[in-house]
Amino acid sequence: MVSKPRVLGIVLAGGEGKRLWPLTADRAKPAVPFGGNYRLVDFVLSNLVNAGYTRICVLTQYKSHSLDRHLTTTWRLDQLIGNYVTPVPAQQRLGPRWYTGSADAIFQSLNLVYDDNPDYLVVFGADHVYRMDPSQMVQDHIDSGAECTVAGIRVPRREATAFGVIQTEDGTRIDSWLEKPADPPAVPDDPDIAYASMGNYVFTTASLIEALRADALNEDSAHDMGGDIVPAFVEKGTAHVYDFARNQVPGTTDRDRGYWRDVGTLDAYHDAHMDLVSVHPIFNLYNRRWPILSLPVGWPPAKFVENGTALDSMVGPGSIVSGGTVKRSVISEDVHIQSGSHVEGSVLLPGVRVGRGAVIRNAILDKNVVVPDGAMLGVDLNVDRQRYTVSQSGITVVGKGVTVAG
């Protein structure tokens, strides 16, 4: 009988998420709520757990309390048989310093690797929306004999400046790697498309440990996985690319297969939500064969009274629409919307209160925002810019706990 390879999951969740401000003013980017019921970190954890990888360390740093609390209260696996999802804050194990980069975060946490003694390390980012079966990527890594495997995806060339860009002649071996290039090279068959890294890696454990030790001694390194570690393997000729388009997830269709979104900007975050409430969304939250997991809240079902309506929308438990109108919006749990109010094209996070006659258009309201009677958001963007954050495409964003001006 051939034993299964021992795999340890490491999720990099220390991101500050500056481009999502003010949603990241009080929390790490992976802790940002998404889709009414979830946090961004739930997507990567669901993918790992659904694939059978149930030993997972989540490395945290920036404003991690909200994220730590979510992990410890939600992701409680069966510890009796050695399963765990555990948050690992920066511990200054190698001296009085915090993590200086994603590679340094793993280097400072190598005690976790030594304790578990895995054959392979699955190192994934924590803040993307997608479905993936990581076990297929791990098997591809094993079959290739590579030391490092990077998940690759085709993206519009104009967007590839935010990613590591892969060049490969044979579609498997990475010939060159450009980290966040100003002028990304196109793929051979399409001048408008680049081949980008998803920020998901598989490493042979001994090889990564060796690379991390060498990187730690390099004073010129930024100690970044994409900027320093992966290029080192590319230079050795031992870096392999796994094409995400080949990944087969149970329950997916041709429409949502290969869906992956970096929701690292306010506009991308809003757009991804608007997809969820479209008549035929690209990303299907209702795939029971590969569920996105999170802890169910103890709220009663949503309630609609006094002719309150919600059209083309998602409304979370505990929410009450009392005489108001909701269109094309994602309403999280425990949101109250009063009579005569109008909410359209918006994302309302938990605990938001919308008063009578208020108007909210194309907006994102963080937790516990209060919109008084008659207040308006997204109606006059010049006024909104003076008071709140307005994205490049005109999405008004109000930070956590703010009472909107009447």
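The residues on offer are V383, V379, V397, V326, and the sole one that is in a strand (DSSP E or B) and farther than 19 Å from R19 by Cα is V326.
Against the list (1) at pLDDT 95 or above; (2) of a type in the set (D, E); (3) farther than 18 Å from E235 by Cβ, the condition E147 fails is (3). Examine segment 152-170 for a residue that is outside any helix (DSSP H, G or I), polar (S, T, N, Q) and touching a Cys at 6+ places or on another chain (Cβ under 8 Å), and state whether such a residue exists. Looking through segment 152-170, none of the residues is outside any helix (DSSP H, G or I), polar (S, T, N, Q) and touching a Cys at 6+ places or on another chain (Cβ under 8 Å).
I need a count of the residues in segment 126-144 that are modelled with pLDDT of 95 or more, over 24 Å from T253 (Cβ atoms) and in contact with a strand residue (DSSP E or B) (Cβ under 8 Å, 6 or more places away or on another chain). Total meeting the criteria: 4. Out of segment 207-226, which residues are out of contact with any Ser or Thr (no Cβ under 8 Å at 6 or more places or on another chain) and either surrounded by fewer than 17 Cβ atoms within 10 Å (Cβ to Cβ) or part of a helix (DSSP H, G or I) (or both)? Hits for segment 207-226 are L208, I209, E210, A211, L212, R213, A214, A216, L217, N218, E219, D220. The number of residues in segment 290-323 that are among the aliphatic types (A, V, I, L, M) and outside any strand (DSSP E or B) comes to 5. Looking across segment 330-351, the residues that are at negative phi and not β-branched (V, I, T) come down to S332, E333, H336, Q338, S339, S341, H342, E344, S346, L348, L349, P350.
Scanning segment 43-56 for residues that are surrounded by fewer than 22 Cβ atoms within 10 Å (Cβ to Cβ) and in a strand (DSSP E or B) yields a count of 1. When you scan segment 343-356, do you find a residue that is hydroxyl-bearing (S, T, Y), without any contact (Cβ under 8 Å) to a residue 60 or more places away in the chain and in a loop (DSSP other than H, G, I, E, B), even just one? Checked segment 343-356: at least one residue is hydroxyl-bearing (S, T, Y), without any contact (Cβ under 8 Å) to a residue 60 or more places away in the chain and in a loop (DSSP other than H, G, I, E, B).
Considering only residues in segment 294-321 that are touching a Ser or Thr at 6+ places or on another chain (Cβ under 6 Å) and surrounded by fewer than 17 Cβ atoms within 10 Å (Cβ to Cβ), the one that is modelled with the lowest pLDDT turns out to be L295.
I need the full set of residues from segment 57-75 which are part of a loop (DSSP other than H, G, I, E, B) and buried (at least 21 other Cβ atoms within 10 Å of the Cβ), in order please.
Within segment 57-75, S64, W75 qualify.
Mind checking whether some residue in segment 249-257 is buried (at least 19 other Cβ atoms within 10 Å of the Cβ) and at pLDDT 95 or above? Yes; the residues of segment 249-257 include at least one that is buried (at least 19 other Cβ atoms within 10 Å of the Cβ) and at pLDDT 95 or above.
Would you please list the contacts, defined by Cβ atoms under 6 Å and residues six or more apart or on different chains, that run from a residue in segment 208-237 that is outside the structural domain of A151 (by TED's automatic domain parsing) to a residue that is not hydroxyl-bearing (S, T, Y)? Final answer for the pair search is none.
Taken over segment 150-171, the criterion of being touching a residue at least 60 places away in the same chain (Cβ under 8 Å), under 18 Å from K236 (Cα atoms) and surrounded by 15 or more Cβ atoms within 10 Å (Cβ to Cβ) is satisfied by V150, G164, I166, T168. Scanning segment 48-62 for any residue that is more than 14 Å from the chain's Cα centre (by Cα) and modelled with pLDDT under 90 turns up at least one such residue. Out of Y99, Y114, report the one residue that is among the aromatic types (F, W, Y), assigned by TED's automatic domain parsing to the domain that holds N47 and in a helix (DSSP H, G or I). Result of the check over Y99, Y114: Y114. Just one of (1) over 23 Å from D140 (Cβ atoms); (2) at pLDDT 95 or above fails for L212. It is (1).
For (1) under 13 Å from G36 (Cβ atoms); (2) of a type in the set (V, I, T); (3) in the same structural domain as L77 (by TED's automatic domain parsing), each residue gets a yes or a no:
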position	(1), (2), (3)
N247	no, no, yes
D254	no, no, yes
R261	no, no, yes
L285	yes, no, no
R289	no, no, no
I292	yes, yes, no
G318	yes, no, no
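Yes or no: segment 366-373 includes at least one residue that is touching a strand residue (DSSP E or B) at 6+ places or on another chain (Cβ under 7 Å), free of Cβ contacts under 8 Å to residues at least 24 places away in the same chain and either part of a loop (DSSP other than H, G, I, E, B) or closer than 28 Å to G298 by Cβ (or both). No, every residue in segment 366-373 fails to be touching a strand residue (DSSP E or B) at 6+ places or on another chain (Cβ under 7 Å), free of Cβ contacts under 8 Å to residues at least 24 places away in the same chain and either part of a loop (DSSP other than H, G, I, E, B) or closer than 28 Å to G298 by Cβ (or both).
The values are calculated or read from the model by the stated rules, or taken from the named source; none is laboratory data. Nothing here was measured: the structure is a model prediction, and the numbers come from that model. A quick note on method: Cβ atoms are made from the backbone with ideal geometry, for glycine too, and the neighbour counts reach across all protein chains shown.
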